[in-house]
Amino acid sequence: MASYQSGASGGGQGVAKAASDHQDDIEAMSPKRAAEELGRLAEVLAQANAGYYQADAPIMDDAEYDALKRRNAAIEAAFPDLKRADSPSDQVGAAPSEGFGKVRHTVRMLSLGNAFDDGDIIEFDKSIRSYLGLPRAAPLAYTAEPKIDGLSLSLRYEGGQLIQAATRGNGETGENVTANARTIADIPTELIGAPEVLEVRGEVYMSHADFAALNERQESAGGKPFANPRNAAAGSLRQLDAEITRKRPLKFFAYAWGELSQPLADTQLGAIERLRDLGFSTNELTQRCDGPDAMIAHYRMIEETRPHLGYDIDGVVYKVDDLGLQARLGFRSTTPRWAIAHKFPAELAWTELEKIEIQVGRTGALSPVARLKPVTVGGVVVSNATLHNEDYIAGRDAKGGEIRGGKDIREGDFVQVYRAGDVIPKVADVDLSKRPGNAVPFDFPQVCPECGSPAIREEGEAERGCTGGLICPAQAAEKLKHFVSRAAFDIEGLGAKKVEAFYGDPQLPVKEPADIFTLRERDAANLAKLANRDGWGQTSAKNLFDAIDEKRKIPLSRLIFGLGIRHVGEVAAQDLARHYGTWEAMARAIDTARPAALAHRAADEAAEAERRRADSEGRRARLAEARGKAVADCEVPEAASEAWAELIGTDGIGPVMALSLSDAFANPEERAAMDRLLPHLTPLPPEARADDSPVAGKTVVFTGTLEKMTRAEAKARAESLGAKVSGAVSAKTDLLVAGPGAGSKVKKAADLGVKTINEDGWLELIGQ
């Protein structure tokens with residue numbers, strides 16, 4: 001979490017068992033449960049990013065954060081159609097603090113993907129070779145370096161002079177901390193022999209000895225001690241008074257670069273050596289490794305050395321050494337393909353479970369949380385842990401099998417808390433020998449604790465859900481918070497706390513999104529003006545109303561995402577906006593597709609019923625027959641079938657998400673709320689990309705085997721030229737690129753009159 005340098009290997013029997021429980025949990029998940037869990041993870045991780053990157057006050061440690069991200073990625077891998085637009089997998093850092101000037105990075109500062117065991121490293125190497133088309137026996141070198149647990153910093157030099165220093169921020173925009181950086185001894189202010197433009201990137205950190213001495217001084221002066229060296233380093237660098245930073249013992253390791261006027265070297269290791277020659281501190285444990293075996297061996301050596309380093313690290317970073325190959329591999333949305341962080345194991349601790357509380361999420365899911373007597377786990381204070389669902393509390397998995405030897409979890413129990421690469425923190429075990437005599441089994445609520453509505457557990461689902469919908473304050477308020485979130489409407493001055501205040505306000509209530517855009521008008525009609533309330537004034541009230549008015553014109557993708565429709569994340573909202581172009585076209589298509597959506601659901605339900613009855617023999621045939629009969633019984637109009645096919649054929653939109661969209665638009669209360677909102681807005685169509693490209697705005701489908709580039713490279717190239725890449729051929733398809741082994745898509749394209757070309761024709765078309 002701490003750096004762009006930026007998973008865990010073994011951690012004892014308890015860790016292995018908890019990891020096994022977690023895998024069983026995912027394998028047994030229904031799509032509904034998976035979507036709700038992805039929503040919960042997105043919310044929790046967004047809060048963690050804000051605390052870590054903006055406030056220097058983490059709400060969880062790196063192991064917990066990585067564990068939650070790993071669980072998110074595992075669920076996304078098991079249910080790819082459910083990936084949210086605001087997926088934590090696509091997030092980097094957090095927005096810069098308002099206390100500093102903002103610096104836009106000329107080259108984005110990204111995070112890294114994480115590896116949690118040796119197998120992940122082997123898979124990483126395989127994925128690199130697959131992307132590049134390299135055979136298994138071909139040589140491929142990597143560098144391996146300690147992952148410093150500090151604060152990422154980018155230093156810009158022009159003509160050898162340090163002119164700017166900026167934190168990572170959200171990866172695109174960071175905080176200007178130039179004056180503070182100049183006070184750090186490890187950061188040279190002048191370079192000799194450097195490129196004309198050089199951005200050096202690395203990690204600001206604090207040694208263990210300096211951290212201990214700083215805390216002693218803090219406590220002697222009556223101040224609050226820092227929780228750990230990373231917090232101390234981040235807080236020290238981000239002081240508004242550079243003289244305070246000067247008094248703090250900060251250090252800096254250089255390990256990367258941003259913009260360059262000329263290359264530093266041909267290899268990663270060579271570039272690091274060049275930075276060292278220019279006067280930067282680089283890590284002496286950085287080493288070139290010829291393949292996964294050498295990488296893992298170096299990881300083990302660093303892991304053994306870790307206690308004696310004198311500063312915090314939380315893993316090892318591997319990078320493809322050849323910079324030419326790095327350039328070819330390129331980047332995903334938030335991470336480079338050519339690097340990965342191999343994280344260290346998690347740790348365990350025992351403490352008392354004081355209370356089990358039930359939280360109601362935006363989707364209505366009832367989630368149990370363990371309130372713990374605070375305990376330090378690996379240097380981090382843990383006071384809460386997830387308990388997943390009522391089965392987990394009772395000592396059962398989703399299939400009814402025993403977990404933890406069948407031991408249930410009760411208030412007052414002495415429990416083992418587990419931090420690692422899955423759900424973290426988590427209650428992994430119970431010590432029955434210390435169970436109080438008055439401890440009773442936990443009675444999971446049958447009604448929502450927020451609104452009193454029945455809490456129903458549907459067949460095949462692991463969680464209970466509140467049936468209150470919009471009448472449930474937990475759901476309604478959370479939907480409003482989502483609506484004003486950064487990736488949605490992002491209304492300045494209207495954050496989560498203000499939304500909560502307005503939601504419960506008897507004089508100026510905000511119960512749904514449309515109410516936000518009538519605030520000015522309703523306030524004008526009120527005798528008690530917002531400007532006269534505590535915490536407000538004429539200027540702040542006017543600024544809020546003006547900020548709301550600025551969002552009346554909103555990109556269509558942000559509107560779609562802001563509605564908080566289940567499964568529809570930020571990326572999916574962008575895909576929908578690009579495909580349909582206008583709100584009216586999208587709504588019309590979703591409405592038209594409704595009969596086909598219901599037929600799809602009926603087919604799923606019939607297939608599920610048959611699955612429960614069927615044995616292994618002839619099962620596929622019976623499932624197919626059940627699906628077909630269910631669809632036939634629905635008598636779907638042709639227009640609905642075509643609209644449904646187009647919807648699920650949109651790249652990134654699968655049947656689960658399409659059903660969720662259909663349900664939302666068909667729900668009377670939700671649709672009425674949309675209809676009340678739309679008159680206040682002007683949704684803006686997506687910006688055209690690469691207008692001069694021969695494929696800009698066209699829908700392209702790739703099929704068969706590509707021989708001169710991988711499928712991933714072809715898709716990335718097409719999208720960079722403004723094309724929309726779809727996974728299915730339809731009447732909307734403009735071009736089919738077919739390689740050897742192409743199957744039914746070629747015939748369908750011919751039947752529909754879609755132009756088909758081979759890979760050479762594609763390369764010629766795009767001028768490559």
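The values are calculated or read from the model by the stated rules, or taken from the named source; none is laboratory data. The structure presented is a predicted model; accordingly, all values stated were derived computationally and were not measured. Backbone-built Cβ (ideal geometry, glycine too); neighbour counts: all protein chains shown.
Descriptive notes on the structure:
- Only one of the numbered conditions (1) modelled with pLDDT of 90 or more; (2) within 30 Å of the chain's Cα centre (by Cα) is violated by residue 467, and that is (1).
- Selection from segment 638-663 of residues that are small (Gly, Ala, Ser), crowded, with 19+ Cβ neighbours inside 10 Å and under 15 Å from residue 592 (Cβ atoms): 640, 643, 649, 658, 662
- Hey, residue 585 modelled with pLDDT of 60 or more, outside the structural domain of residue 725 (by TED's automatic domain parsing) and within 18 Å of residue 660 (Cβ to Cβ) or not: no
- Condition check for residue 305: in a loop (DSSP other than H, G, I, E, B) and polar (S, T, N, Q): no
- One residue from 334, 305 being among the hydroxyl-bearing types (Ser, Thr, Tyr), over 20 Å from residue 202 (Cα atoms) and at pLDDT below 95: 305
- Residue 314 fulfils the conditions (1) in a strand (DSSP E or B); (2) crowded, with 21+ Cβ neighbours inside 10 Å; (3) at pLDDT 90 or above except for a single criterion, (3).
- Residues considered: 483, 561. Of these, the only one that is touching a Pro at 6+ places or on another chain (Cβ under 9 Å) and surrounded by 16 or more Cβ atoms within 10 Å (Cβ to Cβ) is 483.
- Residues located in segment 713-731, provided they are among the hydrophobic types (A, V, I, L, M, F, W, C) and either touching a helix residue (DSSP H, G or I) at 6+ places or on another chain (Cβ under 6 Å) or in the same structural domain as residue 654 (by TED's automatic domain parsing) (or both): 725, 728, 729, 731
Okay, residues lined up against (1) in contact with a strand residue (DSSP E or B) (Cβ under 8 Å, 6 or more places away or on another chain); (2) more than 17 Å from residue 650 (Cβ to Cβ); (3) part of a loop (DSSP other than H, G, I, E, B):
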{"residue": "701", "(1), (2), (3)": "yes, no, no"}
{"residue": "722", "(1), (2), (3)": "no, no, yes"}
{"residue": "730", "(1), (2), (3)": "no, no, yes"}
{"residue": "736", "(1), (2), (3)": "yes, no, no"}
{"residue": "740", "(1), (2), (3)": "no, yes, yes"}
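- Cross-chain or 6+ apart pairs with Cβ under 6 Å, segment 546-563 first and farther than 16 Å from residue 492 by Cα and modelled with pLDDT under 95, then among the polar types (S, T, N, Q) and part of a helix (DSSP H, G or I): 557/574
- Per the conditions (1) surrounded by 13 or more Cβ atoms within 10 Å (Cβ to Cβ); (2) more than 27 Å from the chain's Cα centre (by Cα), the sole criterion not satisfied by residue 176 is (2).
- So residue 301, is it aliphatic (A, V, I, L, M), more than 24 Å from residue 157 (Cβ to Cβ), under 32 Å from the mean Cα position of the chain (by Cα) and surrounded by fewer than 18 Cβ atoms within 10 Å (Cβ to Cβ): yes
- Any hit, segment 603-610, residues being at pLDDT 70 or above and not acidic (Asp, Glu): yes
- Residue 681 satisfies every condition listed in (1) at pLDDT 90 or above; (2) among the hydrophobic types (A, V, I, L, M, F, W, C); (3) over 30 Å from residue 517 (Cα atoms) except (3).
- Scanning segment 185-236 for residues that are part of a loop (DSSP other than H, G, I, E, B) and either among the hydrophobic types (A, V, I, L, M, F, W, C) or closer than 17 Å to residue 148 by Cβ (or both) yields a count of 12.
- Residue 473 fulfils the conditions (1) surrounded by fewer than 20 Cβ atoms within 10 Å (Cβ to Cβ); (2) at pLDDT 95 or above; (3) within 30 Å of residue 571 (Cβ to Cβ) except for a single criterion, (2).
- The set of residues from segment 185-208 being of a type in the set (A, V, I, L, M, F, W, C) and buried (at least 22 other Cβ atoms within 10 Å of the Cβ) comprises 187, 194, 198, 200, 204, 206.
- Within segment 79-131, the set of residues being within 21 Å of residue 200 (Cα to Cα), modelled with pLDDT of 80 or more, among the aliphatic types (A, V, I, L, M) and crowded, with 17+ Cβ neighbours inside 10 Å comprises 103, 109, 110, 112.
- Restricting segment 266-298 to residues that are among the charged types (D, E, K, R) and farther than 22 Å from residue 249 by Cβ, the residue that is farthest from the chain's Cα centre (by Cα): 277
- Filter result for residue 510 (buried (at least 22 other Cβ atoms within 10 Å of the Cβ) and in contact with a Ser or Thr (Cβ under 7 Å, 6 or more places away or on another chain)): no
- Filter result (buried (at least 21 other Cβ atoms within 10 Å of the Cβ) and out of contact with any Pro (no Cβ under 6 Å at 6 or more places or on another chain)) within segment 536-557: 544, 548, 551, 557
- Which numbered condition residue 182 misses (of (1) over 33 Å from the mean Cα position of the chain (by Cα); (2) closer than 24 Å to residue 316 by Cα): (2)
- Of note, residue 144 satisfies the criterion of being modelled with pLDDT of 95 or more and not in a helix (DSSP H, G or I).
- Search result, residues across segment 229-266 that are hydroxyl-bearing (Ser, Thr, Tyr) and farther than 16 Å from residue 187 by Cα: 261
The rows are residues; the columns are (1) at pLDDT 90 or above; (2) closer than 16 Å to residue 235 by Cα.
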| position | (1), (2) |
| --- | --- |
| 136 | no, no |
| 161 | yes, no |
| 184 | yes, yes |
| 192 | yes, no |
| 206 | yes, yes |
| 216 | no, no |
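- Among (1) crowded, with 21+ Cβ neighbours inside 10 Å; (2) touching a helix residue (DSSP H, G or I) at 6+ places or on another chain (Cβ under 9 Å), the one test that residue 152 misses: (2)
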